[in-house]
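Take a look at the structure below.
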Amino acid sequence: MASENLPLKLLMHTVNSEIIIRLKDNREFRGRLQSVDNYMNSILSDAIEIKDGNKLAKYGEVFIRGNNILWIQTEWDEVETD
């Protein structure tokens with residue numbers, strides 16, 4: 001069925017966009033999606049690693065295996081707090 005690959009097709013359309021990837025161990029990587037394959041293996045450039053809201057490191061480029069991904073957010077708005 002065509003709808004089976006819909007999430008992957010949507011993700012492939014976000015190449016060169018800013019995304020957030022959360023891993024199963026609760027770390028997050030924020031950066032520009034450079035490449036993604038059929039297994040959701042992803043390459044991010046200008047990536048920042050975040051865990052528990054704290055910036056851990058900044059990388060030029062990271063490779064993330066698709067089987068470690070919990071979720072991917074393709075667009076986000078800054079949340080304003082009072």
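A short reminder: the numbers here are calculations on the coordinates, not readings from a lab. Because the structure is predicted, anything quoted here is derived from the model rather than measured. Please note: Cβ atoms are built from the backbone with ideal geometry, for glycine as well, and neighbour counts cover all protein chains shown.
The residues packed around GLN34, meaning those with a beta-carbon under 13 Å from its beta-carbon, carry a net charge of -3 if Lys and Arg are +1 and Asp and Glu are -1. Each of GLU18, GLU75, GLU28, GLU61 was scored by other Cβ atoms within 10 Å of its Cβ. Arranged with the fewest first, they read GLU75, GLU61, GLU18, GLU28. LEU44: net charge of surrounding residues, Cβ under 9 Å, Lys/Arg +1, Asp/Glu -1, itself excluded? After counting each charged neighbour, the total is 0. Note on MET12 and ASP25: the model spin-label points, each 7 Å out from Cα along the C-beta direction, lie 3.0 nm apart. Farthest towards the positive end of the charge dipole of the range 2-73, among the residues ILE43, LEU11, ALA57, is the Cα of ALA57, using unit charges on the Cβ of Lys, Arg, Asp and Glu. Dimensions of the chain along the principal axes, based on C-alpha atoms and rounded to the nearest Å, stand at 45, 29, 23, largest first.
Pick from ASP25, ASP46, ASP37: which is most flexible by mean-square fluctuation in a GNM of the chain where alpha carbon atoms under 10 Å apart are linked? In the Gaussian network model the winner is ASP25. Counting other Cβ atoms within 10 Å as a rough exposure proxy, the listed residues LEU23, LEU10 run LEU10, LEU23 from fewest neighbours to most. If the segment from ASP52 to TRP71 were pulled out straight at 0.36 nm per residue, it would be longer than the present Cα-Cα gap by 5.3 nm.
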